[in-house]
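The structure under discussion appears below in the form of C-alpha cells.
The values are calculated or read from the model by the stated rules, or taken from the named source; none is laboratory data. Computed from a prediction, not measured in an experiment: that's the story for all the values here. Cβ placement follows ideal geometry from the backbone for every residue including glycine, while neighbour counts extend to all protein chains displayed. When the accessible area is computed, the model is the full protein with side chains, heavy atoms only, and any ligands, DNA or RNA have been set aside. Shrake-Rupley method; radii C 1.70, N 1.55, O 1.52, S 1.80 Å.
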Amino acid sequence: MLPETIRITNSPAADLQQFLAQKKYSSIHLLTDENTRKHCYPLLEAQLPPHHVIVIKSGEQHKTIETCTTVWEALTNSQADRHAVLIVLGGGVLGDLGGFCAATYKRGIDFILLPTTLLAQVDASIGGKLGIDFNHFKNHIGLFKQPTLNLLFSGFLNTLPEVEMRSGFAEVIKHTVISDRKMWEIIRRKSLTEQDWPTIIRHSAAFKYSVIKEDPYEKNLRKILNAGHTIGHAIESHLLSVNRSITHGEAVAAGLICEFKIAVEKKCLSEEEFEEVKTYILKLFGKISLEESDIKEITSLCIQDKKNKGNRILCVLPNGIGKAQWDVEITLDQIESSLSFYRLLQT
Ligand SMILES: NC(=O)c1ccc[n+]([C@@H]2O[C@H](COP(=O)([O-])OP(=O)(O)OC[C@H]3O[C@@H](n4cnc5c(N)ncnc54)[C@H](O)[C@@H]3O)[C@@H](O)[C@H]2O)c1
Ligand SMILES: [Zn+2]
C-alpha cells in the first residue's frame, strides 16, 4: 500500500493543479533538465498556475554543488521565500539534486517529485534519500527528507530512451525476485516492451515504500534493497574506471546473476530458480564482456563495499525466489568464481 503522499496517476497536471490550489504556496518553481523540459514539461505547462522554470544540464556529471548553486541562485533571484515550493520534473539525478536544493534552501522548503524515468519512479523517488556527488564520490553529500508529494505517471516513460528503460527495469527485477514470486512469474513471461507499466510501478514503489517505512535509515531491512548491488556496484565502478560505458542497470543485472549463483552454492536457491533468473536477465540485457584481469579488479573492489563490516563481505542473498536475507557473509573466492562463471556464460 502506498501512502497518501505517493500517488499513481493518469493525470499529473490535474493532480498537481489541485494540490497547488490547496496549498497556496507563495511562489512555484519547477526544475527540469533539457530533456524533461522538452518531453515532459509540455504535458503540464498549460494547467499549472504561474511559475518559474529552472533548466539545468542533464547527466550524473552535473549532480554537483555547482549545479546546486545555479538552482539556489535561481530561487533567490525569483525571490522564493520559505513558503515557496520546488517541483522537480526529472529522473533520479534531478530528484536527488532538486530535493537536496529544496531541503537546504532557507533551511527547507516543500518539494514535489514528478519522476520521469523508470528508475526514479520505482526506486529513486521513494525513500527520502537526497544528495549530490562530491569530488567523484557518489552521493557523498546529502540528507534524508521526504517530498511533500510524489506523483508517479507512467506516461512520462513514452519518451524515455530504451537504454534508460532497461536500466530501470533491473531494479524492477531486483524488487520482484526478492519480494514476490507471483509478480516474477508475470514479468518473466514478457519482454521489456510488453510489460504493464502502471502495475509494475505500483508494485515496485509499494514494495520499496514498505521497506523504507519499516527501516528508513538502513539499519536492517532496508539493506535488502542492495540485492545485486554488492557485485553490481563493483562491476560498474571497475568498468567506469577503465572508461567502458555501462548503465547502472546493466551492472545490477550482472550482479544479480553472480550473487544468485553464490546463493545456489550456499543452497539458498535451487538450480531451476537460478536458471529462470539468469536466462531472463541474459535475454534482456545481454552479457557484459569481461577479461580475467577485470575479474581480479572487480573482486577486490567488493572489499570496499559500504555494507561490509571489518573484513567480512556482507551481501543480500535470495532465499528462493520471492524472499531474501541480508548481512550474509560471502568470501572473495565465491565472488571470484561467480564472476568467472558469468564470464564464460554462453548467450
Ligand atoms: N535517492 C535514491 O534513493 C536513489 C536510488 C537509486 C538511484 N538514485 C540516483 O538516481 C540517479 C539515476 O537516475 P536515472 O537513472 O533516472 O538517470 P537520470 O536522471 O540521469 O535520467 C536519465 C536520462 O534520461 C533523461 N530523461 C529523464 N526523463 C525522461 C523522459 N521522460 N523522456 C526522455 N528523456 C528523459 C534525462 O534527462 C537523462 O538524460 C543516480 O544519480 C542515482 O544515484 C537515487
Ligand atoms: Zn540500484
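Annotations
- Considering residues of the range 105-117 that are free of Cβ contacts under 8 Å to residues at least 60 places away in the same chain and in contact with a helix residue (DSSP H, G or I) (Cβ under 9 Å, 6 or more places away or on another chain) only, the residue farthest from ligand 2 (Cβ to nearest atom): Lys106
- The range 1-59, subset of a type in the set (Lys, Arg) and within 22 Å of the chain's Cα centre (by Cα), residue surrounded by the fewest Cβ atoms within 10 Å (Cβ to Cβ): Lys57
- Selection of the range 80-112 for residues being among the aliphatic types (A, V, I, L, M), closer than 17 Å to Leu149 by Cβ and either within 14 Å of the chain's Cα centre (by Cα) or open to solvent by less than 10 Å² (accessible area, probe 1.4 Å) (or both) yields Ala84, Val85, Leu86, Ile87, Val88, Leu89, Leu94, Ala102, Ile109, Ile112.
- Taking the criterion of being without any contact (Cβ under 8 Å) to a residue 60 or more places away in the chain, of a type in the set (A, V, I, L, M) and within 14 Å of ligand 1 (Cβ to nearest atom), the residues of the range 226-250 that qualify are Leu240, Ile246.
- Residue in the range 146-166 that is among the aliphatic types (A, V, I, L, M), within 16 Å of ligand 2 (Cβ to nearest atom) and under 28 Å from Ile281 (Cβ atoms) present: yes
- Odd one out for Lys278 among (1) open to solvent by 10 Å² or more (accessible area, probe 1.4 Å); (2) more than 18 Å from Arg166 (Cβ to Cβ); (3) in contact (Cβ under 8 Å) with a residue 12 or more places away in the chain: (2)
- Among (1) in contact with a helix residue (DSSP H, G or I) (Cβ under 9 Å, 6 or more places away or on another chain); (2) more than 11 Å from ligand 1 (Cβ to nearest atom), the one test that Gly168 misses: (2)
A quick yes/no check of all residues on (1) crowded, with 24+ Cβ neighbours inside 10 Å; (2) within 11 Å of ligand 2 (Cβ to nearest atom); (3) of a type outside the set (A, V, I, L, M, F, W, C); (4) at pLDDT 95 or above:
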| position | (1), (2), (3), (4) |
| --- | --- |
| Ile224 | no, no, no, yes |
| Leu240 | no, no, no, no |
| Asn243 | no, no, yes, no |
| Thr247 | no, yes, yes, yes |
| Ala254 | yes, no, no, yes |
| Glu271 | no, no, yes, yes |
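- Scanning the range 126-147 for residues that are near ligand 1 (Cβ under 9 Å from one of its atoms) and open to solvent by 10 Å² or more (accessible area, probe 1.4 Å) yields Lys129, Leu130, Asp133, Lys138, Asn139, Gly142.
- Single residue of the range 175-188 satisfying the filter (of a type outside the set (Gly, Ala, Ser) and within 16 Å of ligand 2 (Cβ to nearest atom)) that is surrounded by the most Cβ atoms within 10 Å (Cβ to Cβ): Val177
- For the range 1-79, the helices (runs of 4 or more DSSP H) that sit wholly inside it and include 1 or more residues that are aromatic (Phe, Trp, Tyr) and farther than 14 Å from Ile112 by Cα are 65-77.
- Flag for Val172 being touching a Lys or Arg at 6+ places or on another chain (Cβ under 6 Å) and within 16 Å of ligand 2 (Cβ to nearest atom): no
- Of the residues making up the range 212-222, just one is within 16 Å of ligand 2 (Cβ to nearest atom) and open to solvent by 20 Å² or more (accessible area, probe 1.4 Å), namely Glu218.
- Entirely in the range 257-347, the helices (runs of 4 or more DSSP H) that have 3 or more residues that are within 24 Å of Glu185 (Cβ to Cβ) and not acidic (Asp, Glu): 271-285
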